[in-house]
1. Could you list all residues from segment 170-183 that are open to solvent by less than 60 Å² (accessible area, probe 1.4 Å) and either more than 12 Å from the ligand (Cβ to nearest atom) or outside any strand (DSSP E or B) (or both)?
2. Kindly evaluate Asn147 against the criterion of being at pLDDT 95 or above and within 7 Å of the ligand (Cβ to nearest atom).
3. Restricting to segment 95-123, and then to whatever is part of a loop (DSSP other than H, G, I, E, B) and in contact with a helix residue (DSSP H, G or I) (Cβ under 9 Å, 6 or more places away or on another chain), can you tell me which residue is most open to solvent (accessible area, probe 1.4 Å)?
4. Quick one: would you say Lys89 is more than 10 Å from the ligand (Cβ to nearest atom), in a loop (DSSP other than H, G, I, E, B), closer than 19 Å to Pro12 by Cβ and of a type outside the set (Gly, Ala, Ser)?
5. For Glu133, which of the numbered conditions (1) within 16 Å of the ligand (Cβ to nearest atom); (2) in contact with a helix residue (DSSP H, G or I) (Cβ under 7 Å, 6 or more places away or on another chain) fails to hold?
6. When residues of segment 137-169 are filtered for being part of a strand (DSSP E or B) and surrounded by fewer than 17 Cβ atoms within 10 Å (Cβ to Cβ), how many remain?
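The values are calculated or read from the model by the stated rules, or taken from the named source; none is laboratory data. Worth saying up front: this structure is predicted, and the values here are computed from it rather than measured. Here the Cβ positions follow ideal geometry from the backbone for every residue, glycine too, while neighbour counts run over all protein chains shown. Accessible surface is based on the protein model in full, side chains and every heavy atom, while ligands, DNA and RNA are left aside. Shrake-Rupley method; radii C 1.70, N 1.55, O 1.52, S 1.80 Å.
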Amino acid sequence: MRAFVLRARAAPVDSKLFLAGIGQEAHTEILAHVLMNTIFVAQSYRDDVVVYLVLESTNDFSRTICFTSNELRNIGGFHEQNLTAKIAKALDVSKGMSKEQSRDVEPGINVRTVSFEKLVQELAEDYQLYMLEKKGTPVREVEFAHNACFLLTDHIPMPKKSFNSLKRLGTQHINLGPKMLFASQCIVLIHNELDMRQ
Ligand SMILES: C[S@@+](CC[C@H](N)C(=O)[O-])C[C@H]1O[C@@H](n2cnc3c(N)ncnc32)[C@H](O)[C@@H]1O
């Protein structure tokens with residue numbers, strides 16, 4: 001299984017603000033691009049991929065929206081408007097949830113009020129964690145675990161204090177080359193690297 005976590009530090013958990021953030025300072029379109037490149041290939045879904053979008057601009061709790069490729073049914077296309085609408089729907093479903101609750105949105109989509117820190121602690125039980133980072137080990141030198149989970153951020157860097165907790169969870173750092181890429185571009189390269197090794 002491949003898992004991807006996008007820590008979207010600027011993304012609002014209110015669906016109207018989320019949609020209004022497209023092309024604005026919050027750059028919420030990043031979440032649609034990440035969804036598209038984790039889940040879709042031409043004319044199909046990828047098998048065995050899970051993507052977690054963690055939206056952190058909130059007055060109460062982060063929202064973690066999980067898309068599981070094997071369970072998705074008729075998601076309705078890969079264009080940005082459709083994908084942002086799916087995220088907005090999950091945010092609406094999450095209204096009024098208390099801490100660490102979970103609700104199903106539709107087949108293959110679930111929303112939880114769980115923080116990035118708690119999520120990665122859970123994922124570390126089943127996956128080797130890899131953080132995408134310019135100072136990491138070059139990707140072609142990395143031997144990947146069968147269950148690999150890749151951690152990315154939006155345009156706001158990972159806070160320094162997260163580095164220590166990720167280190168305690170055995171997170172490895174991976175570099176994808178000299179250019180600073182979009183999170184969605186990193187995902188394409190990671191998928192390709194793993195596809196080529198299969
Ligand atoms: C647009 S970048 C984030 C930029 C952010 N201002 C920063 O300094 O980290 C989005 C994500 O892609 C990762 N990323 C971008 N280029 C990379 C590269 N060449 N190698 C590894 N990770 C990369 C970043 O670490 C981040 O998780």
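1. Gly170, Thr171, Leu176, Gly177, Leu181, Ala183
2. Judged against the criteria, Asn147 is not a match.
3. The selected residue is Lys95.
4. no
5. (2)
6. Residues flagged as part of a strand (DSSP E or B) and surrounded by fewer than 17 Cβ atoms within 10 Å (Cβ to Cβ) within segment 137-169 amount to 2.
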